[in-house]
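Some notes on the structure that comes next.
The values are calculated or read from the model by the stated rules, or taken from the named source; none is laboratory data. This one's a predicted model, so the numbers in the text were calculated from it and none came from an experiment. Cβ placement follows ideal geometry from the backbone for every residue including glycine, while neighbour counts extend to all protein chains displayed.
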Amino acid sequence: MILYRWQGVSPNFGDELNTVLWPRLLPDFFDDNPSVRFLGIGSVLDRRHDRDPIKLVAGSGYGGYEKRPCLDDRWIIHWVRGPRTAATLGLPANLALGDPATLVPAVAGIRSTDGADIGFMPHFESASRGAWQHVAARAGVRLIDPRGAPLEILRAIGDCKVLLSEALHGVIVADAMRVPWVAIRPRVRVHRAKWVDWADTMDLRLRFHSLPASSLNEWMGAGMSERRWLEQRIEAVASAAVPLGPERMIARAGRALAQAAGVSPQLSGDHALDRCQSRLLDAVQALRAHRLPGQSPVLPRRSDLRTRPDSAYQLGLTG
């Protein structure tokens with residue numbers, strides 16, 4: 001069985017979390033046999049996958065990036081990210097258990113340090129197109145680049161007292177670490193639905209905050225179709241939202257980011273997080289029992305995943 005993760009031109013924090021979570025949680029699960037493809041963290045439930053391999057699903061979601069998959073006997077679905085994914089794919093609602101990234105901080109042995117930083121994580125596309133390093137410096141916040149090494153990013157989030165994030169998995173990890181967060185509305189519309197898919201499993205009503213583009217390249221949206229770019233440009237001109245020069249765009253984004261850093265952050269309830277983690281651990285136990293009959297899973301105890309700030313996150317897992 002191979003561990004699948006989406007890979008683009010640059011690494012993306014959410015997708016790279018697969019390499020942190022699953023080898024530790026399921027240390028004897030994976031090899032180089034392509035006949036079975038393990039789908040965990042990410043919006044990867046679509047038609048990107050060849051028909052022949054078995055697709056074993058453990059918490060993935062549908063993101064709308066490609067057409068919905070044709071579910072047949074080559075798909076084995078243990079659970080999906082949230083109720084919107086389940087409804088979209090015609091799956092039972094009781095399979096909508098939550099995003100596996102909720103378990104990452106505990107499994108990786110990384111906890112909040114009660115630090116003083118205010119962090120900002122842009123979406124990896126925004127990080128590539130924009131000038132957020134300069135914007136963050138103007139706003140006096142710590143930039144956390146989602147293209148970096150995932151363990152370093154986890155530690156950086158743990159050092160924050162508040163995380164502002166346009167990247168969904170920045171918020172999911174912060175929430176699991178009990179670091180309050182502010183949801184930054186993704187600039188690209190297709191990235192937004194997956195936030196609600198996750199939030200529904202945590203009894204959360206998201207309060208999005210918007211930031212202007214930090215560069216002309218980001219405003220244009222690299223990779224956007226020519227027609228859509230023209231439509232957006234017409235809309236922007238009509239609303240007098242024509243992009244400014246580079247320095248003025250950075251300054252404007254810096255003011256908006258500083259303002260967002262001062263809003264009231266969110267956090268799921270302790271009970272909701274406990275419930276989600278318990279359901280995920282039960283699902284992983286069932287998954288491992290199905291895959292490797294007769295072997296005991298190496299799983300964190302539920303008592304190790306308590307949501308109080310002084311919880312013991314070092315679990316001593318193998319792998």
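What the table below lists for this structure:
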{"quantity": "Selection within region 179-202 - surrounded by fewer than 19 Cβ atoms within 10 Å (Cβ to Cβ) and closer than 16 Å to ALA156 by Cβ", "calculated": "PRO180"}
{"quantity": "Identity of the residue in region 133-153, aliphatic (A, V, I, L, M), surrounded by fewer than 23 Cβ atoms within 10 Å (Cβ to Cβ) and within 18 Å of SER10 (Cα to Cα), that ends up farthest from the chain's Cα centre (by Cα)", "calculated": "LEU143"}
{"quantity": "Residues of region 75-129 classified as among the charged types (D, E, K, R), over 15 Å from the mean Cα position of the chain (by Cα) and buried (at least 18 other Cβ atoms within 10 Å of the Cβ), total", "calculated": "4"}
{"quantity": "Failed criterion for GLY170 (all others in (1) in contact (Cβ under 8 Å) with a residue 40 or more places away in the chain; (2) in a helix (DSSP H, G or I); (3) out of contact with any Lys or Arg (no Cβ under 9 Å at 6 or more places or on another chain); (4) more than 17 Å from ILE41 (Cβ to Cβ) hold)", "calculated": "(4)"}
{"quantity": "Identity of the residue in region 121-175, of a type in the set (Lys, Arg) and out of contact with any strand residue (DSSP E or B) (no Cβ under 8 Å at 6 or more places or on another chain), that ends up farthest from MET220 (Cα to Cα)", "calculated": "ARG155"}
{"quantity": "Failed criterion for ASN33 (all others in (1) more than 30 Å from LEU244 (Cβ to Cβ); (2) modelled with pLDDT of 95 or more; (3) polar (S, T, N, Q) hold)", "calculated": "(2)"}
{"quantity": "Where ASP73 falls short, out of the listed (1) assigned to a loop (DSSP other than H, G, I, E, B); (2) outside the structural domain of ASP200 (by TED's automatic domain parsing); (3) in contact (Cβ under 8 Å) with a residue 24 or more places away in the chain", "calculated": "(3)"}
